[in-house]
Amino acid sequence: MKAKIFSLFGIALLAFLQSCSFQSETVISVNKDGSGTISETAVVRIPNDKFKKGGGDKLANDFLASMKSGARDQRRSEQFGEGVSFFEDEEIEPNAGSRGLRVTYQFRDINELSIPLTGNNREKNPENKVTFLFNDGRLTINLPKTNQDGNAAKRGELETEGFDPEDPNILGELGLVVVTKDSLKGVKLGFKIVFPEGIKRTNSTFQKDQTITLFEIDCDELIKTSKGVSVIKKLLQSNAPQNLPDEAKKLKGIKVEPKNEVVVTLK
């Protein structure tokens, strides 16, 4: 899904988005003993006949088939860390015109997991990954730290010149494809952690009931403003949302946990 210079979505996904809208979510479920599951859900939607004629149907089928095939490969499980194994996959249809796949993996010890914040399974840099320390019902989530360039960026403002939310070709040509406004509609990405038995206390910035959110973007919101469009471009060019300027993290349509460490005490 990702290429080197566009490591969040990637050239392949950008091409895919010319015909389909895309949603992806990674959810880790943690039990009281430190075991649990990782669920990856991908949903594609063919918005209209124009997109179907553009090859959207075939792209969607090929993408989901490839995801299903790759899920059973042990190398995919190993990308999450030690002691992770494939559990099941399930085809889903969230609503009319949409179809997707939910793949679930099991892990025996969350301490052995190492997962990229953006879900990019090709990410090799350990500094861009989320790691975990679990002991006696207390989970510490170590998030990627802002690098030096990121610190400098935090002091600046988002670039808005040349980013017109009314322009159909909203980001122009990136790599091999033109990123259009239509191609970004419906695009969502997320990384959440769920504690089925409940949360006793946490310092998480984004908590709702038994779920905390580490990273989430909603392009439907971001494409409404020049600043939001600027954020999308930065995310397309980087696999490190933690390095976005602080101004970007305040926009509607994006959540990035600002803390380097999130601590959760389980009930």
Scan segment 106-119 and tell me whether some residue there is among the hydroxyl-bearing types (Ser, Thr, Tyr), modelled with pLDDT under 75 and part of a strand (DSSP E or B). no
Taking the criterion of being assigned to a strand (DSSP E or B), in contact with a strand residue (DSSP E or B) (Cβ under 7 Å, 6 or more places away or on another chain), at pLDDT below 70 and surrounded by 14 or more Cβ atoms within 10 Å (Cβ to Cβ), would at least one residue in segment 65-88 satisfy it? no
What number of residues within segment 238-267 are within 18 Å of Asn142 (Cβ to Cβ) and assigned to a helix (DSSP H, G or I)? 3
Among (1) within 17 Å of Glu25 (Cβ to Cβ); (2) at pLDDT 90 or above, the one test that Lys188 misses: (2)
Residues of segment 25-55 being crowded, with 19+ Cβ neighbours inside 10 Å, closer than 19 Å to Cys219 by Cα and either out of contact with any helix residue (DSSP H, G or I) (no Cβ under 9 Å at 6 or more places or on another chain) or modelled with pLDDT of 85 or more (or both), which ones? Thr26, Val43
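The values are calculated or read from the model by the stated rules, or taken from the named source; none is laboratory data. Here the structure is a predicted model, which is why all the values come from computation and not from measurement. Neighbour counts are summed over all protein chains in view; Cβ atoms, including those assigned to glycine, are modelled from backbone coordinates with ideal geometry.
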